[in-house]
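Worksheet: one structure, shown below.
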Amino acid sequence: MRLKQPVMTRRQALGAVPALMTSAGLAACQPNIMSEKKDVTMSAKQYTQPLVIAHRGAPGYLPEHTAEGYDLAIRMGADYIEPDLVFTKDGHLIARHDHYLSTTTNVADHPEFADRKTVKDGHEGADWFSEDFTLAEIKTLRARQAMEKRSHATDGLFEILTFAEVIAVAQGRTSMQGNPVGIYPETKLPSYFESLGYDFEVAVLGELQKSGWGKPGSPVFIQSFEDGILRSLRGKTGLPLIMLLAEAEGVNMADIATYADGIGPSKALLVNKDGTSSGWVEAAHAAGLKVHPWTFRSDQLPDTFANAQAEYDFFIDLGIDGLFSDFANDARAALLARASRSD
Ligand code: G3P
Ligand code: CA
């Protein structure tokens, strides 16, 4: 019989991240930020734009897609939290970046699941896959930090969340800017899951309706790398849709604008090799599309930037409307510093 997983209190969990990242640390910082207001006059736009989207929660500090990570990201300044979604065997949506489970969970430590390890088309090597596990089985797993060089202090402690549970983390929360914290779900591999008989559109819209966030005006963006599901969703929901883009080839802003409200490009697509703007932001805006690039990682800065603030400044200058960051605290700090310099 397996030993019961140790339960870590929220206080213990947050002890694993730097002191400034705790609510106490943030609370201590905020009066200082605001007391400097005598020297600056921040307009609402400068203070709130671009949107800070907590990419997979707060994976710079805690395992991705966990309640503890999402909660930390909100308290560090996120406007939206981002769950990537895949299906379980019994049709539940869970928050995982990949349908293979070895890199972000402790499934390998569960001998009762050893025989589920298998090889599938489209994935290199053997692994465990979400669609081979019921939600009850998934709930016996615990999350682990995906990146080797980040802290593994809380590996094995936090649950895997359903989409409904992610929504519940956000609902009722207020951002540092005084707005409702929103969610930014991504449908992962919709064609693949459709081939297995799962329906992402029904599942995602169903959960949103149940939560009361199915109507236009709710703090929700729906994103995908596959245009097919977005084109289909366009006829079924008034919620904003974001077309994710990893490559420049074949991109047609006018076409995207027929079914989406914005693009989520790799940030590399916004910059030429010589460091100048690629013109993508202007082209997207001309087509009426918002621009939310990914992924800002303070611990993996491109060589061209001396520090995280320099990178954020560069992209803010390009005119982006939002950004995905593994470090919501650094994104928020950069925006605040930026706003205080602007006036
Ligand atoms: O969804 C925006 C960004 O997260 C896309 O990259 O692979 O981290 O989901 P990925
Ligand atoms: Ca994503």
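Structure summary
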| read-out | value |
| --- | --- |
| Per-region count, the range 172-227, residues in contact (Cβ under 8 Å) with a residue 60 or more places away in the chain, in contact with a strand residue (DSSP E or B) (Cβ under 8 Å, 6 or more places away or on another chain) and among the hydroxyl-bearing types (Ser, Thr, Tyr) | 3 |
| Residue in the range 260-280 that is among the polar types (S, T, N, Q) and crowded, with 21+ Cβ neighbours inside 10 Å present | no |
| Residue match in the range 284-295 (condition: within 16 Å of ligand 1 (Cβ to nearest atom), part of a helix (DSSP H, G or I), among the aliphatic types (A, V, I, L, M) and crowded, with 20+ Cβ neighbours inside 10 Å) | yes |
| Whichever residue in the range 96-124 is of a type outside the set (Asp, Glu) and more than 20 Å from residue 144 (Cα to Cα) and, among such residues, is surrounded by the most Cβ atoms within 10 Å (Cβ to Cβ) | 120 |
| Given (1) within 16 Å of ligand 1 (Cβ to nearest atom); (2) part of a helix (DSSP H, G or I), index of the condition residue 264 fails | (2) |
| Positions within the range 163-199 being more than 18 Å from the chain's Cα centre (by Cα) and within 18 Å of residue 98 (Cβ to Cβ), in sequence order | 191, 192, 193, 194, 195, 196, 198 |
| Residue match in the range 116-127 (condition: touching a residue at least 60 places away in the same chain (Cβ under 8 Å) and farther than 27 Å from residue 54 by Cα) | yes |
| For residue 320: the one exception among (1) in a helix (DSSP H, G or I); (2) among the hydrophobic types (A, V, I, L, M, F, W, C); (3) touching a residue at least 40 places away in the same chain (Cβ under 8 Å) | (1) |
| Any hit, the range 137-144, residues being within 16 Å of ligand 1 (Cβ to nearest atom) and closer than 16 Å to residue 67 by Cα | yes |
| Residue in the range 259-272 that is within 16 Å of ligand 2 (Cβ to nearest atom) and among the aromatic types (Phe, Trp, Tyr) present | no |
| Residue 45 among the basic types (Lys, Arg), surrounded by fewer than 24 Cβ atoms within 10 Å (Cβ to Cβ), at pLDDT below 95 and under 25 Å from residue 318 (Cα atoms) | yes |
| Failed item in (1) within 16 Å of ligand 1 (Cβ to nearest atom); (2) surrounded by fewer than 21 Cβ atoms within 10 Å (Cβ to Cβ), with residue 214 passing the rest | (1) |
| Where a residue in the range 70-83 is on the phi > 0 side of the Ramachandran plot and at pLDDT 95 or above and its partner, wherever it lies, is within 15 Å of ligand 1 (Cβ to nearest atom) and of a type in the set (Gly, Ala, Ser), with Cβ under 6 Å and at least six apart | 77/328 |
| Criterion: within 16 Å of ligand 2 (Cβ to nearest atom) and in contact with a Leu (Cβ under 9 Å, 6 or more places away or on another chain) - qualifying residue of 164, 95 | 95 |
| Residue match in the range 194-209 (condition: outside any helix (DSSP H, G or I), touching a Lys or Arg at 6+ places or on another chain (Cβ under 6 Å) and surrounded by fewer than 17 Cβ atoms within 10 Å (Cβ to Cβ)) | no |
| Filtered residues of the range 65-85 (kept if of a type in the set (Asp, Glu), within 15 Å of ligand 1 (Cβ to nearest atom) and more than 9 Å from the chain's Cα centre (by Cα)) | 79 |
| Members of the range 299-317 that are crowded, with 19+ Cβ neighbours inside 10 Å and not in a helix (DSSP H, G or I) | none |
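The values are calculated or read from the model by the stated rules, or taken from the named source; none is laboratory data. This is a predicted model, so every value here is computed, not measured. Every residue, glycine among them, receives a Cβ derived from its backbone with ideal geometry; neighbour counts consider all protein chains shown.
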